Each structure stands twice: as structure tokens, then as C-alpha cells.
Amino acid sequence: MKLELEHFCDLTVELEAPMELGNSMRGTRRIIPIIGGHVEGKSLNGRVLALGADWQTVFENGVAELDTRYCIETHDGALIDIRNFGFRHGPKDVLDALARGEHVDPSKYYMRTQPRFETGDERYSWLNHRIFVGSGQREKSTVYVSVYEVL
């Protein structure tokens, strides 16, 4: 059976500077606080709360393992937890430019995620049992993720 994707929403996630934890047995660890943003889509609109972070691991080969958790407040007052796991990688010069905060064409690197939404609000409870994938772009202090529902 063939899978289909339908655009669900766009996330704009504002970030603070990374807090470097240093090297661990898995790689270089950092925490990047999430300080706000917004979500826009056909069925989901609201703001990203200043509540969460990306607990990131960068491996020796330059691959970044993304592990975010934050909260969305919808335009009508529902709270939705989002956990977004993924990977970012690409050529060394491209990753170095991203690390310096430079704008890089997102087609030059791979940034894909698996967002999971969870809420107790009945109006959005259907999110609890849907599969989503995301395609991301990193800027100096902002991440953009286009989220697609797997149909």
C-alpha cells in the first residue's frame, strides 16, 4: 500500500543560544532552549510556549540527533505537547556554516523529524493517534519545520 502525505502545519520555533554540555560517551551534548514561536495550519494554529528545549547530540561524523519537547497553546486555548525526534546532517562546510548562524539553503542538508502530538483536550484528541513527519530548516535563532500527516 502506498503512503500519502498531506501538509498539516508549519512550525516556527524561536531558540536561545545553545548551552554546551560537552562530550559524552555518545557525542557532544547541548541543550537549546525553546523560547517561543508559532504554528500555522489548516487544523492547528497557535503559539509555541517558552517551555521546552532541544536536547541535542552531535556525533563525531557531524550528524546531529534532534530530541525536542515543547508545548503549543492553540488559538482556542488547548495545550498540546509536542515531541519531535529527528536528524540533521550534511557536508562539513554546510554544517559549519549552520553552526556559525549563517543562512544555508535547506536543500544543502538533511533535516527530518518525527513529531508526536499529545493532548487531553477533546477538541484535538485525534492528534494523539496520527503519524506525522517533518522537514526542517535551521537559521541562527529559529527552526522552521513543515509538518505532514501520513495518510
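Throughout, read-outs are computed from the coordinates displayed, never taken from laboratory work. The structure presented is a predicted model; accordingly, all values stated were derived computationally and were not measured. Heads up, the Cβs are rebuilt from the backbone with ideal geometry, glycines too, and the neighbour counts pull from every protein chain shown.
Extents of segment 1-52, largest first, come to 41, 33, 12 Å (Cα atoms, principal axes, whole angstrom). Placing a label point 7 Å from the Cα of K92 along the Cα-to-Cβ line, the residues of segment 22-38 whose backbone N sits under 18 Å from it are 28.
A Förster distance of 30 Å, applied to the separation of the beta-carbon atoms of E139 and E60, puts the FRET efficiency at 0.75.
For segment 3-96, GluC sites (Glu not before Pro) are listed when DSSP marks them as loop and at most 11 other Cβ atoms sit within 10 Å of their Cβ; the list is E4, E60.
Residues T57, T119, arranged from fewest to most other Cβ atoms within 10 angstrom of their Cβ, appear as T57, T119. Among I35, I80, I131, I72, the ranking by other beta carbons within 10 Å of each residue's beta carbon, starting with the fewest, stands as I131, I35, I80, I72.
With a simple spin-label model that places each label point 7 Å from the Cα along the Cα-to-Cβ direction, the separation between S107 and R130 comes to 2.9 nm. Legend: ranking of residues W126, W55 from fewest to most surrounding C-beta atoms inside 10 Å; resulting order W126, W55. Normalised by the number of residues in the chain, the average gap of Cα pairs under 8 Å and 6 or more apart makes the relative contact order 23 percent. Considering only T113, V94, P33, and ranking their Cα positions along the charge dipole of the chain that arises from unit charges at the beta-carbon of Lys, Arg, Asp and Glu, the one farthest toward the positive end is V94. Which lysines have a Cα lying under 29 Å from the Cα of K92, excluding residues fewer than 8 positions away in the same chain? Partners found: K108, K140.
Dividing the Cα radius of gyration of the chain by its Kirkwood radius returns 0.97 for Rg/Rh. With distances taken between every two different alpha-carbon atoms, segment 101-151 has a Kirkwood hydrodynamic radius of 12.6 Å.
A DSSP coil position with no more than 14 other Cβ atoms inside 10 Å describes the following trypsin sites (Lys or Arg not before Pro) in segment 1-49: K2, R26, K42. Coupling constants for segment 142-147 follow from the phi torsions by the Karplus curve (6.51 cos²θ - 1.76 cosθ + 1.60, θ = phi - 60°), and in residue order they are 9, 10, 10, 10, 8, 9 Hz; glycine and proline get x.
I need to check one value: relative contact order of segment 2-48, counting alpha carbon pairs closer than 8 Å and at least 6 residues apart, in percent. 39 percent.
3J(HN,Hα) couplings calculated from phi for segment 89-100 with the Karplus curve 6.51 cos²θ - 1.76 cosθ + 1.60 (θ = phi - 60°) are, in sequence order, 7, x, x, 3, 5, 5, 5, 5, 5, 4, 5, 7 Hz; Gly and Pro show x.
When only the Cβ of Lys, Arg, Asp and Glu is charged (+1, +1, -1, -1), the dipole of the chain relative to its Cα centre reaches about 380 debye.
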